[in-house]
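Report on the structure given below.
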């Protein structure tokens with residue numbers, strides 16, 4: 001066992017004071033380097049764990065915000081699809097108008113109506129294709145898809161966005177099939193009554209699209225509002241965590257200067273105490 005070295009009372013007191021200054025100086029330098037007065041649970045258990053809780057919840061809500069963002073994009077894609085379907089329906093209506101004119105042309109009526117039927121079928125096929133292609137990350141609100149979006153970390157508040165069938169058959173457009181081309185022939189347009197009936201289905205389809213578009217807009221408003229709210233909540237949590245742990249840089253800077261001065265004085269005092277102990281050498 002190593003022999004202990006006996007120090008004088010003054011020397012040991014100055015040494016302890018210097019060691020304390022070194023410890024405080026290290027802590028102050030750490031707070032200045034990190035910008036935090038609470039870096040571990042040892043610094044302040046209550047503040048450390050409260051801040052960790054705030055940050056953890058903020059992380060969870062940030063993940064939910066990303067999910068809401070994806071839901072917003074899905075709704076926007078569906079809305080663009082609805083706009084495209086509306087334009088195609090107006091194009092189909094144009095073919096109905098062409099068919100009305102063809103009925104008055106007794107000479108070319110048959111060939112004109114055949115052309116109208118071909119164009120009608122092509123437009124219906126493109127309408128169906130638009131509905132099929134209006135998906136985002138595998139979710140298609142124009143094919144009856146749905147999406148549940150959570151608004152908090154406990155999944156106790158949420159919104160389920162439900163789509164509809166935007167195909168020609170889903171919208172009950174005359175002679176429209178769910179996929180592929182329509183089955184319209186020139187015989188489907190050889191009377192005013194048939195044209196009126198076909199146009200009535202277009203009007204009903206537009207009314208359905210208007211209703212569904214309004215639903216999508218309402219859901220988009222909710223999603224956008226919740227996204228903004230989550231952003232504000234995350235910022236509040238982050239700010240709260242920071243206030244619990246952040247260091248006052250001005251105060252820590254002043255502490256550093258004070259401790260550096262105390263350290264220098266401690267070294268000087270230790271040196272003086274050591275010189276006093278060396279005075280015995282003068283007896284020899």
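The values are calculated or read from the model by the stated rules, or taken from the named source; none is laboratory data. Everything quoted here is computed from the prediction, not taken from an experiment. All Cβ positions, glycine included, derive from the backbone under ideal geometry; neighbour counts span all protein chains shown.
Any residue at all in the stretch 119-133 that's at pLDDT 90 or above, exposed (fewer than 15 other Cβ atoms within 10 Å of the Cβ) and at positive phi? So far as the stretch 119-133 goes, no, none of its residues is at pLDDT 90 or above, exposed (fewer than 15 other Cβ atoms within 10 Å of the Cβ) and at positive phi. When restricted to residues that are touching a residue at least 60 places away in the same chain (Cβ under 8 Å) and not in a helix (DSSP H, G or I), the stretch 180-212 contains 7.
What about residue 219, is it in contact with a strand residue (DSSP E or B) (Cβ under 7 Å, 6 or more places away or on another chain) and assigned to a helix (DSSP H, G or I)? It is true that residue 219 is in contact with a strand residue (DSSP E or B) (Cβ under 7 Å, 6 or more places away or on another chain) and assigned to a helix (DSSP H, G or I). Considering the conditions (1) over 30 Å from residue 231 (Cα atoms); (2) buried (at least 18 other Cβ atoms within 10 Å of the Cβ), residue 211 is excluded by exactly one of them, (2).
From the list 53, 69, 26, 35, exactly one residue is surrounded by fewer than 19 Cβ atoms within 10 Å (Cβ to Cβ), within 29 Å of residue 153 (Cβ to Cβ) and modelled with pLDDT under 75. Which is it? Checking each option against the conditions leaves just 35. Residues in the stretch 143-177 that are more than 20 Å from residue 207 (Cβ to Cβ) and either outside any strand (DSSP E or B) or modelled with pLDDT under 90 (or both): 9 in all.
Condition test on residue 113, is it at pLDDT 90 or above, in contact with a helix residue (DSSP H, G or I) (Cβ under 8 Å, 6 or more places away or on another chain) and either crowded, with 17+ Cβ neighbours inside 10 Å or within 30 Å of residue 64 (Cβ to Cβ) (or both)? When the stated conditions are applied, residue 113 does not pass them. Among residues of the stretch 64-85 that are in contact (Cβ under 8 Å) with a residue 60 or more places away in the chain, those with a Cβ under 7 angstrom from a residue that is surrounded by fewer than 16 Cβ atoms within 10 Å (Cβ to Cβ) and in a helix (DSSP H, G or I), sequence gap 6+ or separate chain, pair up as 65/231; 72/224. For the stretch 85-110, filtering for residues that are under 29 Å from the mean Cα position of the chain (by Cα) and surrounded by fewer than 19 Cβ atoms within 10 Å (Cβ to Cβ) leaves 0.
Being under 17 Å from residue 81 (Cα atoms) and surrounded by fewer than 20 Cβ atoms within 10 Å (Cβ to Cβ) is the requirement here; does residue 138 meet it? The answer is yes for residue 138.
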